[in-house]
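Trainee: I'd like to ask some things about the structure below.
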């Protein structure tokens, strides 16, 4: 059997389960997942390598109407992920009435085959999969909680990959560095700890990452857009920042299997419309 390898991009609207599908296909948590929309900001590649195939999978931000320079960059990341892609998985869910036609049109212009995945089948007993019209290679009604659904989708993806040697070594899991992955864990805990605008107005930057023999030392900055938001993030007598940093520390320890020291300070900056800041982020 010839080895197959190719690039697959996951796209769709916010909060339909793109990152959940991404993690389920990889079988480990690489992208952060919350019940809030617009959690994913940057495209991230995950690599799954088997005896006969390699899938280079891209998780992308949800496509949204732009309110900030940040949103412009997030949308550009989606389009960038389509370059050189062999397959696109367009994800919707059983609650959405129709697909994002603008995004579909952009994909079709690039002549990339599209697999339609309708997620969250566990939330609706009956769903007419043919109600969504379009030129799709295939349609799948799935729940990312159902292992067989995900396995069937992986088999179909592999069937439609080109014959090609592996692009990455079998030990590589992602294109992102450790600082990025740690910052995403901290950002996930902020999303879990706060509601409304606070998570969207924060950016996490790891300034120091020292992986020593017996301990991992991490220091960084959390940027937010106002003094009032800074006060909420810190909390009364530092209660909130201790809470989400402790949750972050525990998860990072589980990932690296060693003790972790973590220290973050909070700074105020109007970063979402700061062109130089956004360029540095991506």
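The values are calculated or read from the model by the stated rules, or taken from the named source; none is laboratory data. Nothing here was measured: the structure is a model prediction, and the numbers come from that model. Cβ coordinates were reconstructed from backbone atoms using ideal geometry, including for glycine residues, and neighbour counts include every protein chain displayed.
Trainee: Checking residue 254 against (1) exposed (fewer than 12 other Cβ atoms within 10 Å of the Cβ); (2) over 25 Å from the mean Cα position of the chain (by Cα); (3) under 19 Å from residue 188 (Cβ atoms), which test does it fail?
Mentor: Status for residue 254: all satisfied but (2).
Trainee: For residue 144, which of the numbered conditions (1) assigned by TED's automatic domain parsing to the domain that holds residue 253; (2) touching a helix residue (DSSP H, G or I) at 6+ places or on another chain (Cβ under 8 Å); (3) part of a loop (DSSP other than H, G, I, E, B) fails to hold?
Mentor: So the condition that residue 144 fails would be (1).
Trainee: Name the residues in the range 171-200 that are touching a strand residue (DSSP E or B) at 6+ places or on another chain (Cβ under 9 Å) and more than 20 Å from residue 219 (Cα to Cα), would you?
Mentor: Of everything in the range 171-200, those that are touching a strand residue (DSSP E or B) at 6+ places or on another chain (Cβ under 9 Å) and more than 20 Å from residue 219 (Cα to Cα) turn out to be 171, 172, 173, 174, 175, 198.
Trainee: Is at least one residue of the range 45-52 modelled with pLDDT under 80, surrounded by 21 or more Cβ atoms within 10 Å (Cβ to Cβ) and touching a helix residue (DSSP H, G or I) at 6+ places or on another chain (Cβ under 7 Å)? Break it down into steps so the answer makes sense when it comes.
Mentor: Of the residues in the range 45-52, the ones modelled with pLDDT under 80 are none.
Scanning the range 45-52, I find no residue that is modelled with pLDDT under 80, surrounded by 21 or more Cβ atoms within 10 Å (Cβ to Cβ) and touching a helix residue (DSSP H, G or I) at 6+ places or on another chain (Cβ under 7 Å), so the answer is no.
Trainee: Can you name the residue in the range 80-98 that is buried (at least 20 other Cβ atoms within 10 Å of the Cβ) and closer than 16 Å to residue 133 by Cβ and, of all such residues, is modelled with the lowest pLDDT?
Mentor: By that ranking, first place goes to 92.
Trainee: Need the failing condition index for residue 251 against (1) under 27 Å from residue 28 (Cα atoms); (2) out of contact with any helix residue (DSSP H, G or I) (no Cβ under 9 Å at 6 or more places or on another chain), just the number.
Mentor: (2)
Trainee: Filter the range 121-136 down to the residues that are surrounded by 11 or more Cβ atoms within 10 Å (Cβ to Cβ) and either on the phi > 0 side of the Ramachandran plot or without any contact (Cβ under 8 Å) to a residue 40 or more places away in the chain (or both) and list them by number. It would help to see each step written out before you state the result.
Mentor: To start, the set of residues in the range 121-136 that are surrounded by 11 or more Cβ atoms within 10 Å (Cβ to Cβ) comprises 121-124, 127, 129, 132, 134, 136.
Matches in the range 121-136: 121, 122, 123, 124, 127, 129, 134.
Trainee: Which one is surrounded by the fewest Cβ atoms within 10 Å (Cβ to Cβ), of the residues in the range 186-231 that are part of a loop (DSSP other than H, G, I, E, B) and touching a residue at least 12 places away in the same chain (Cβ under 8 Å)?
Mentor: 214
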